[in-house]
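Only the coordinates and a few stated rules stand behind these numbers; no lab work does. Only a predicted model underlies this, so the values are computations on that prediction, with no experimental measurement involved. Every residue, glycine among them, receives a Cβ derived from its backbone with ideal geometry; neighbour counts consider all protein chains shown.
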Amino acid sequence: MHDVMPKDVTYVTPDASFKDVAEALIRHRVDALPVLDDDKRVVGIVSEADLLPKEEFKEQYSREGYQPPIRARLRWRLSPGGGRIMDKRYASTVADLMTTPAITIRPQQTVVDAIRLMDENGVMFLPVVDGHSRLVSVLSRHDLIEVLVRTDQDLSDEIQNDLDHFAWVNTSRIQAKVEDGIVTLRGRTRTRSDAVLIAHSAIRVNGVVDVRDEMLWDEDDL
């Protein structure tokens with residue numbers, strides 16, 4: 001995951017003001033920011049969605065009595081920190097605005113792990129932290145989608161490297177061709193299960209769109 005982790009990291013502290021956060025989000029063109037304590041540990045996340053209730057719940061006319069639709073209220077209840085969303089209209093500092101605890105990930109985890117974690121928790125932003133919860137980087141969905149634009153040559157090199165290092169399968173008769181992110185595997189293996197293993201290895205490479213398995217085998221052990 002190191003290849004997609006941004007090197008420049010922007011953050012705010014719990015005592016930052018409402019205006020400070022709004023200006024930082026606009027200035028850095030991001031959807032959310034990690035909140036760090038004095039030891040640079042991640043203690044929460046503050047996002048655009050945390051700021052907007054300040055305007056959403058203002059009365060546009062006297063005694064409007066605005067109530068969000070039930071669909072929105074159900075979504076808040078199911079999202080991290082969502083139960084506090086209406087209280088955030090009174091917030092003036094990051095400590096009052098932020099969602100805590102933050103959903104985080106470690107640098108050694110994979111892009112697949114990051115995407116699944118975002119999907120499971122309904123978040124679009126993941127702080128990357130070390131073993132002491134200190135900030136290393138931040139990941140957005142935009143960062144993760146960069147794996148989908150890897151060049152065919154880059155994908156081909158990684159797949160070939162994987163083929164060269166199969167310890168228990170003879171891959172000397174296998175060729176992998178990559179075009180527009182689609183991998184075509186040709187050649188012959190000793191068993192059908194070996195061919196399946198090679199195909200599974202190729203599809204796991206970040207950025208591979210699809211695998212066309214045209215391999216033959218000597219023995220159908222499945």
The exposure ranking of Tyr11, Tyr90, fewest beta-carbon neighbours within 10 Å first, is Tyr90, Tyr11
Mark the label point 7 Å from the Cα of Leu197 along Cα→Cβ and return the residues of segment 161-178 whose backbone N is within less than 17 Å of it.
-> 161-175
Pair Phe166, Asp218: separation of 7 Å Cα→Cβ label points (nm) | 1.4 nm
Have a look at Leu155, Val211, Gln108 and report the one farthest towards the positive end of the charge dipole of the chain, computed about the Cα centre with Cβ charges (Lys/Arg +1, Asp/Glu -1).
-> Gln108
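How large is the helix-only mean residue ellipticity at 222 nm for the chain, computed as the sum of -39500 (n - 2.57) over DSSP H runs with n ≥ 4, divided by its residue count, in deg cm²/dmol to the nearest 500?
Working: 9 runs with 72 residues, N = 222.
Result for the chain: -8500 deg cm²/dmol, rounded to the nearest 500.
Find the relative contact order for the chain and round it to a whole percent, using C-alpha pairs within less than 8 Å whose residues are 6+ positions apart. Present the calculation step by step, with values, prior to reporting the outcome.
On the way: 347 pairs, mean separation 38.3, N = 222.
Answer for the chain is 17 percent.
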With +1 on the Cβ of every Lys and Arg and -1 on the Cβ of every Asp and Glu, the dipole magnitude of the chain about its Cα centre, in debye rounded to the nearest 20, is 840 debye
Spatially close lysines, pair count over the chain: Cα under 30 Å, gap of eight or more or interchain | 10
Could you work out how far helix 18-28 tilts from the main Cα principal axis of the chain, as a 0 to 90 degree angle to the nearest 10?
-> 30 degrees
Here are some values of Kirkwood radius over Cα pairs in Å: (1) 19.9; (2) 20.6; (3) 17.2. Which one was computed from this structure?
-> (2)
Starting from the Cα of Arg204, step 7 Å along the direction of its Cβ; do the same at Asp157; then give the gap between the two resulting points in nm.
-> 2.2 nm
Rounded to whole angstrom, the alpha-carbon centroid of segment 1-36 lies from that of segment 124-155 at a distance of 15 Å
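Just rank Ser92, Ser193, fewest to most, by other beta-carbon atoms within 10 angstrom.
On the way: Ser92 11, Ser193 15.
By the 10 Å Cβ count, ascending: Ser92, Ser193.
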Highest first, please rank the peptides 206-213, 31-38 by the mean number of other Cβ atoms sitting within 10 Å of their residues.
-> 31-38, 206-213
Would you grab the residues whose amide H sits under 5 Å from the one on Val211? Only those 5+ places off in sequence or on another chain, please, with H modelled 1.01 Å from N.
-> Val183
